[in-house]
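Nothing in this text is a laboratory measurement; each read-out follows from the coordinates by a stated rule. Small disclaimer: the values here were computed from a predicted structure and weren't measured. Neighbour counts run over all protein chains shown; Cβ positions are idealised from the backbone, glycine included.
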Amino acid sequence: MNGVLKKYRNLVIVLVVLIGVSLFNLEFGKSVARITTMQLKEMLFVIPPIFILLGLLDVWVSKETMSRYMGEGSGLKGVLLAILIGSAAAGPLYGAFPVAAVFMKKGVAFRNILIFIGAWSTTKIPMLLFEIASLGPRFAITRLLVDIPGIIIIAAILTRLVGKDEIGRLYEKASAQ
Amino acid sequence: MNTILYAGTALLLILSFIKDKAKTKKALKKAWKSLENILPQFLVVILLVGVLLTVMDSEMILRIIGADSGWLGVLLAAVVGAITLIPGFVAFPTAAMLLQGGAGYMQIAAFISTLMMVGVVTLPVEISYFGKRLAVYRNLLAFGFSFLVAYVIGYVEALV
């Protein structure tokens, strides 16, 4: 019981503050409630299948297979796969983090995990189509062309910055889950 | 898009179930455990987003990032994009509307880029998976990179 309480402590604090503010400003409370419901619907739509897919991946795909395709020695194949999987994804960026954690557990190279996150955040195919429709092909394609090398370079810089020791610790933590 | 996601997940789940019931059960248990682990943080984030979007409307955003707001406008647009978390299907039409309303391409590009790559409100979630250092570095690098994106898109759009 105590564990549950601790886990939801922040949520309770935020809720109490919001309700308090809403007592003085009803419009504010109404708007927050409306937007939150909207986002919640999106989340409840996208998040459960992602977690189910992750569960399946965890159970069915062995670490050996996964690291053969995307591990340290996987070279260009791993990079391309990371971009492809990230681009085919659905949902907001926070959906990518649990996927990344399972990738770590499965021995995917750190660089490829970062590339995957970058692709998820910027080069999602369904979003790209939507971007073309809203902002025009010139805008969308230019952004895509800058972003693809960008996420690869950012992944390389991050790998250097963080260092082997910390990467090792992150992998250990993910494996313990 | 959601239909594909659901259909795909259902198909794989059924295949998995036919092949091995015990393994499928284990997969579902794992799915629930990891979802339940992160759920409280997700909910906090979603509430904060509700607050942010309530405080900032498109009129206010437009005042900050007009076409002649220059690099300061780009910086502010990048900051707004970094702290807000708007789903793409809302963000792109909003951006198009802001462009028509007089926002500049560079500013909009910075806004879209940080919106997608940088997540200040989702930082706690990111930290819980990746640790503080990596999460902070990633967001900082993505933030800086967005200025390059803004510059290139501003340049390309000005060619026409």
Counting Lys and Arg as +1 and Asp and Glu as -1, each charge on the Cβ, what is the dipole of chain A about the Cα centre in debye, to the nearest 20?
-> 160
Computed over chain B: relative contact order in percent, which uses C-alpha pairs under 8 Å that are six or more apart | 22
Using a 10 angstrom cutoff on alpha carbons, build the Gaussian network for chain B and name the most mobile of B:Ala27, B:Ala95, B:Ala109.
-> B:Ala27
Choice from B:Ile86, B:Ile61, B:Ile18 with maximal GNM fluctuation in chain B (Cα, 10 Å cutoff) = B:Ile18
So what's the gap between the Cα centers of the stretch B:45-104 and the stretch A:136-177, to the nearest angstrom?
-> 25
Number of partner chain Cβ atoms within 10 Å, mean per residue of B:129-138 | 6
Segment A:Phe28-A:Ile153, extension gain: residue separation times 0.36 nm, minus the distance between their alpha carbons = 40.8 nm
To the nearest 500 deg cm²/dmol, what mean residue ellipticity at 222 nm is calculated for chain B from DSSP H runs of n ≥ 4 alone, each contributing -39,500 (n - 2.57), summed and divided by the residues?
-> -28500 deg cm²/dmol
Per the rule of 0.36 nm per residue minus the C-alpha distance, extending B:Leu148 to B:Ser128 adds in nm 4.3 nm
With a length cut of 27 Å (Cα positions projected on each helix's long axis) and a Kyte-Doolittle mean of at least 0.5, go through chain B and give me the DSSP H helices that pass.
-> B:21-55, B:132-159
Helix A:137-176 vs. chain A, principal-axis angle (Cα, 0 to 90°, nearest 10) | 90
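Rounded to whole Å and sorted largest first, what semi-axes of the equivalent ellipsoid does the C-alpha gyration tensor of the protein assembly as shown yield via the square root of 5 times each eigenvalue? It would help to have the intermediate numbers written out before the result.
Numbers: eigenvalues 207, 135, 70 Å².
The answer is 32, 26, 19 Å, longest axis first.
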Tell me, Kirkwood radius of the stretch A:1-46 from alpha-carbon pair distances, in Å?
-> 12.0
Measure of size requested: the Rg and Dmax of the stretch B:1-56, with Cα atoms as the atom set and Å as the unit; please supply both.
-> 16.6, 51
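For chain A, what is Rg from Cα atoms divided by 2.2 N^0.38 Å, rounded to two decimals?
Numbers: Rg = 19.6 Å, N = 177, 2.2 N^0.38 = 15.7 Å.
Compared with the compact-globule rule of thumb, chain A sits at 1.25.
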Using only Cα positions of chain B, each an equal point scatterer, no hydration layer, compute I(q)/I(0) via Debye at q = 0.10, 0.15 Å⁻¹ and quote the log10 values to two decimals.
-> -0.50, -0.89
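Per residue, how much space in cubic angstrom lies within the convex hull of the C-alpha atoms of the stretch B:65-111?
Values: hull volume 2.4 nm³, N = 47.
Expressed per residue, the convex hull around the Cα atoms of the stretch B:65-111 is 51 Å³.
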